[in-house]
1. Give the residues of the stretch 1-37 that are closer than 26 Å to Ala85 by Cα, hydrophobic (A, V, I, L, M, F, W, C) and not in a helix (DSSP H, G or I), sorted by residue number.
2. Restricting to the stretch 195-221, count the residues that are loosely packed, with under 14 Cβ neighbours inside 10 Å and hydrophobic (A, V, I, L, M, F, W, C).
3. Criterion first (surrounded by 18 or more Cβ atoms within 10 Å (Cβ to Cβ), of a type outside the set (Phe, Trp, Tyr), at pLDDT 85 or above and not assigned by TED's automatic domain parsing to the domain that holds Ala27) does Leu296 satisfy it?
4. Could you please tell me which pairs satisfy a Cβ distance under 6 Å, a separation of 6+ or placement on different chains, a first residue in the stretch 1-29 that is on the phi < 0 side of the Ramachandran plot and surrounded by fewer than 24 Cβ atoms within 10 Å (Cβ to Cβ), and a second residue that is modelled with pLDDT of 95 or more and aromatic (Phe, Trp, Tyr)?
5. Which of the residues belonging to the stretch 181-198 are of a type outside the set (Val, Ile, Thr) and either out of contact with any Phe, Trp or Tyr (no Cβ under 7 Å at 6 or more places or on another chain) or in a strand (DSSP E or B) (or both)?
6. Look at Lys255 and say whether it is within 28 Å of Glu181 (Cβ to Cβ), exposed (fewer than 13 other Cβ atoms within 10 Å of the Cβ) and in the same structural domain as Ala27 (by TED's automatic domain parsing).
7. Does Gly276 count as surrounded by 15 or more Cβ atoms within 10 Å (Cβ to Cβ), assigned by TED's automatic domain parsing to the domain that holds Asp91 and not charged (D, E, K, R)?
8. Here is a check on your reading of the model: is Leu310 in contact (Cβ under 8 Å) with a residue 40 or more places away in the chain and surrounded by fewer than 18 Cβ atoms within 10 Å (Cβ to Cβ)?
Amino acid sequence: MTNIVILGGSITGISTAHRILKGAPKAGLSVKVTLVTPNTHFFWNIASPRGIIAGQYTDDKCFLPIETGFKQYNASQFEFVLGLAEAVDFDAHSVRISNGRTINSLATGASATANLPFKNLGTTEATKDALHILQGRVQKAKTVVIGGSGATGVEVAGEIAFEYKNQKKVTLISSGPIILEQTIPKVSQTAAKILKSLDVNIKYNSKVTSTTETADGGQELTLSNGEKFTADLYIPTFGLIPNTSYLNDRYLNSKGFVIVNDYLKVKGVDDVWAIGDVSDHERPQFMFADSQSAHLVKNLLLVLQRRKPLLHKVASPAMGLQIGRKKGTGHMGNFKLPGFLVSLLRKDLFLEIMPGIVDGSKF
């Protein structure tokens, strides 16, 4: 029997675990998967831009228990370990967990972000607490500033402006001359037009360089151009931080992401793969992570059968955004998608597929 350890209960980690457990028997292989995560529940962070608005989604919509989703597998096939990876010894194929346990096996990866609930924040309780606090602050604020004009920032600005219409003054800070700099020009232009129709003020060529809390609990913001102004609430939406502190620097790039080859294997190591947000292979998006998960499992099963793995091709750039609850935009490669189609597909921010991912019925 081959033991496989997956670090992280994210979309990538859970999807990969189910795919291995379903695919191995079909390939005539005997495996045991151990899923290690500090989170008791899976968090559908794709819905977080709307989830930060009080009353939109209850916790049981965005959080589902992970262990329950694997109840169809017996103890010889699957083990759920609640804990955080503290150290990995690739030579010994061992992982030291925060609960004091050491597991010997292979490993794949997942990731986390900073201090706002747009990703898991270490534990399910910490993520829920942060989400509830932010919901209350959004509800109370009259002026809201969103820092960062990437997909998350644009969606957050759109959701707040749509929900509260003229009740709140919403400002989006863009570091460059356009928003959504990583997308195609037509999508950037359309997104800006939608935001303006929602009365979102966009400040271009600016960055928030410092914040100071005011006496009334608000925040004074200083921009890179020297401008200062106050807001009841500042929400930074930039800066994905990979959860790789337990890894040796030689496996990481300058930004802390794991360096992988075209087979999705960690460079310089045997039998270790890294996919999803933690990997330097592609941008951290759901569609890319899902593709990597499927390809990794295919390669892993091939390797276990002593067959040659397959190269993973980087996907064409793509993006879809729901801006408010009525409009959206996006693209596949250089083709701009019809806004009504994006809005239709993303109207519930894909919450409908979440249960199938957690219990494995999607795979």
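The values are calculated or read from the model by the stated rules, or taken from the named source; none is laboratory data. Predicted model only: the values in this text are computed from it and were never measured. When we count neighbours, we look across all protein chains shown, and the Cβ atoms used for this are built from the backbone with ideal geometry, even at glycine.
1. Met1, Ile4, Val5, Ile6, Leu7, Val31, Val33, Leu35, Val36
2. Matching residues across the stretch 195-221 total 1.
3. Values: surrounded by 18 or more Cβ atoms within 10 Å (Cβ to Cβ): yes; of a type outside the set (Phe, Trp, Tyr): yes; at pLDDT 85 or above: yes; not assigned by TED's automatic domain parsing to the domain that holds Ala27: no.
So Leu296 does not fit the description; no.
4. Leu21/Tyr73
5. Glu181, Gln182, Pro185, Lys186, Ser188, Gln189, Ala191, Ala192, Lys193, Leu195, Lys196, Ser197
6. Considered against the rule, which asks whether it is within 28 Å of Glu181 (Cβ to Cβ), exposed (fewer than 13 other Cβ atoms within 10 Å of the Cβ) and in the same structural domain as Ala27 (by TED's automatic domain parsing), Lys255 comes out as yes.
7. In short, yes.
8. yes
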